[in-house]
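In what follows, a single structure is set out as C-alpha cells and then discussed.
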Amino acid sequence: MANAGADPADGGVDPDPERLREDGDARLEFLVGRGFLAVTDEDELTPTESFEDVRAVYADSYTDVDDETFHDTVAEVFDIPRTEAPERVAQLGLSRWELATYLAVQSDLETDLPGDVVLELAAVMAAAGEASAVPPKLRTLPASFEDVLADERAAVVFVFARECDPCRSMKAELDDTLGRLPEAVTATGADGGDAPDLRRAFEVDVAPTTLVFVDGELAEKLEGYTTPEDIEETVRRALDA
C-alpha cells in the first residue's frame, strides 16, 4: 500500500490530507494505523472491536431518529444551514448508519482533518461493514449452543445480521429490552452469518429473529423487528406456560 505519512500509532506527524483525499490505499493504511480497521487471517479488512464500541454509541443515538432530528444533526455536523440539510443528505446518499460511522471516525481521529476527508474515511468504514452483528453489550452464543441453552432455565437469543436496518433498530433499543427481561432469563446474541448450525436447527431465515428457550427447548420465535414490550410479553408468556 502507499504510505500515508508517518504511522499515527508511532506518534508520527499528521497525515497529508491531500493524499488521503486522492489515494484510496493511503486511506486504508491510515485507518489500519489508527486502529479503526484490522487485517484478518483471510487478508480481509474488518472494523476493530474498539472502533465498533465507539460507533455503537453513535448508532444507539442516531440510527432510529426521526427525519427532523437527522437533518438537524447533519446541518450541525457539516456546518450548513438547516434548510440545506435534506439536499445534502440526498446528494451524499447519507444514511443514519453512515452518519453514526462519520461521527465515530471524527471523534476518534485524534487529529484535525478536513470534513471531506473525514467523509471519505467514514465511507471506507461504512463499506467495511460491522465486525460482528452482535453488539458489545451482548455475549455471543458459542457454536456449541446446545450445551449452553440446556444449562439455562430460560434464555433469549437475538439473531442479528450485518448491514441490517431492522437489526440496528432493535440494537438501539437493547437496553430497554434487557431491562424488561425477568432476572432468570439469560440473553445472548448470534451473528446469523456466523451461525449456520443455529439457523438450521431453528429454521431462522429472517433477520432479526428472537428465539426464546425454556429448559433448553425452543418456546417462542419472533421474526423481524420486535419491540421491547412485545419481547417482554412473549418471554413472560413462555415462562408461564
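Residue count for the stretch 126-165, restricted to those that are assigned to a helix (DSSP H, G or I), at pLDDT 90 or above and under 17 Å from Asp60 (Cβ atoms): 0. Quick check on Glu29: is it open to solvent by 40 Å² or more (accessible area, probe 1.4 Å), over 15 Å from Asp116 (Cα atoms), among the charged types (D, E, K, R) and modelled with pLDDT of 90 or more? So Glu29 fits the description; yes. Please determine whether any residue of the stretch 57-74 is assigned to a helix (DSSP H, G or I), under 13 Å from the mean Cα position of the chain (by Cα) and of a type in the set (A, V, I, L, M, F, W, C). Yes. Name every residue in the stretch 32-54 that is out of contact with any strand residue (DSSP E or B) (no Cβ under 9 Å at 6 or more places or on another chain), closer than 18 Å to Leu103 by Cβ and either open to solvent by 50 Å² or more (accessible area, probe 1.4 Å) or assigned to a loop (DSSP other than H, G, I, E, B) (or both), in order of residue number. Those that are out of contact with any strand residue (DSSP E or B) (no Cβ under 9 Å at 6 or more places or on another chain), closer than 18 Å to Leu103 by Cβ and either open to solvent by 50 Å² or more (accessible area, probe 1.4 Å) or assigned to a loop (DSSP other than H, G, I, E, B) (or both): Arg34, Gly35, Ser50, Asp53. Of the residues Thr101, Thr83, Thr111, the single one that is within 15 Å of the chain's Cα centre (by Cα), polar (S, T, N, Q) and either modelled with pLDDT of 90 or more or surrounded by fewer than 13 Cβ atoms within 10 Å (Cβ to Cβ) (or both) is Thr101.
The values are calculated or read from the model by the stated rules, or taken from the named source; none is laboratory data. Please read these numbers as outputs of a predicted model, since none were measured by experiment. For neighbour counting, all protein chains shown are included, and Cβ atoms are generated from backbone atoms with ideal geometry for every residue, glycine included. For accessibility, only protein heavy atoms count, side chains too; no ligands or nucleic acids. Shrake-Rupley method; radii C 1.70, N 1.55, O 1.52, S 1.80 Å.
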